[in-house]
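Report on one structure; see the data block that follows.
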Amino acid sequence: MSRKLFRKWCSPKTTLVVMRSSDDPAQVLTAIRYAEKSGARLLLAKLSPGSTLTDDSRSADGSCSPWVPGRVSIQSDDGRKTLLAEFLARAFLLTDVTPQHLPAVVRTFDIDRVMVTQSRGNQQVAQFGLEESLVSALSVPVCVIGRSVSLSLSPAPPIRRVLLPVTHSPDLELTFNFALEVARAQHAALSVLHVFDGAESTLAAEQRSPLTVRSWLPVSAARSTSLTGPIEISIRRGNAASEILDFNARKPHDLLVLRSLPGRHHGSFPRSSIVRRLYSEMPCPVLVLGNSIEQPRDQASCAAPDIHHRRTRLRAEPLGMEG
């Protein structure tokens, strides 16, 4: 995998937006508006009815509130036709596509990024969804517009802050460099968050610090002189999903970057239940590097980025370490 391809992920020239037949038009338009921010050429793949398995018919388990159509939704036939006309004006339309076709579509059209929205009907977060199928199958980043992202017919808000949760893993270099490049391309600030298990011993907990996390970051990281301010490193102790959501609630970000590696015991967040909760509850898009994406072999060595070590203190409450 070349460095040039790595940069294409971060500044995509061609983006594929995946649309279910059951999607509300406002969902699709929201995904298109986010995709347009990079100036990419857009393709819209409309999945065949029934091709997404149980994705549109799962019952709620209380993990998140079901979506209720509001003023932003256009449910009438005339309204849908109006938005469909707008889709066609903005994107090339592929019809009767199945999820199994999408890897071939990505290769054929040289897609750099895929956008997908979560189904907003009643469903179980614990079950495998279309977004997870795409993350697992595709060799390009997938941007998930989750249930908690506000739907709007207006242009997508600017990306000013990017959040990257990390663990000490062999995949950290890829994920960190990708998040750096995304932040640079968006002229955004980058926050690095490490959450460790609250069940660890006191000694192990004391050894977790911003300096420890800084030592994990690759020395060959790309220059970050164009980032908005220094990279901030924060530490939390407790449940990973809960701490990420709480951290973001206190200091909102516009994009979450994840490395998803199903079935493996290392990587950013190997437990799929954590990833599913973040998809559903983060109020911003989640940009995911799936398990089909490998570490680029020709990372260029250059100066390490300017990193601001945020002081932390250990707390007895479940929130653990406060940034």
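The values are calculated or read from the model by the stated rules, or taken from the named source; none is laboratory data. Because the structure is a prediction, the values reported are computed rather than measured. Neighbour counts are summed over all protein chains in view; Cβ atoms, including those assigned to glycine, are modelled from backbone coordinates with ideal geometry. Heads up: the accessible areas ignore ligands, DNA and RNA and are worked out on the full protein's heavy atoms, side chains in. Shrake-Rupley method; radii C 1.70, N 1.55, O 1.52, S 1.80 Å.
Which of the residues spanning region 1-47 are at pLDDT 85 or above, surrounded by fewer than 20 Cβ atoms within 10 Å (Cβ to Cβ) and polar (S, T, N, Q)?
Ser11, Thr14
Of the numbered conditions (1) at pLDDT 50 or above; (2) surrounded by 13 or more Cβ atoms within 10 Å (Cβ to Cβ), Ala85 fails exactly one; give the number of that condition.
Here Ala85 meets the rest and fails (2).
Can you pull out the residues in region 138-166 that are open to solvent by 30 Å² or more (accessible area, probe 1.4 Å) and either more than 16 Å from Leu278 (Cα to Cα) or free of Cβ contacts under 8 Å to residues at least 40 places away in the same chain (or both)?
If the condition is that a residue be open to solvent by 30 Å² or more (accessible area, probe 1.4 Å) and either more than 16 Å from Leu278 (Cα to Cα) or free of Cβ contacts under 8 Å to residues at least 40 places away in the same chain (or both), then Ser139, Ser152, Leu153, Ser154, Pro155, Pro157, Pro158, Arg160, Arg161 are the ones that fit.
Got a number for residues in region 90-110 being touching a strand residue (DSSP E or B) at 6+ places or on another chain (Cβ under 9 Å) and either open to solvent by 50 Å² or more (accessible area, probe 1.4 Å) or part of a strand (DSSP E or B) (or both)?
10
Here's the yes/no breakdown for (1) modelled with pLDDT under 90; (2) under 22 Å from Pro252 (Cα atoms); (3) of a type outside the set (S, T, N, Q):
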| residue | (1), (2), (3) |
| --- | --- |
| Ser169 | yes, no, no |
| Ser191 | no, yes, no |
| Ala205 | yes, no, yes |
| Arg223 | yes, no, yes |
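Identify all residues within region 210-221 that are at pLDDT 80 or above and not basic (Lys, Arg); write none if there are none.
Hits for region 210-221 are Pro210, Leu211, Thr212, Val213, Ser215, Trp216, Leu217.
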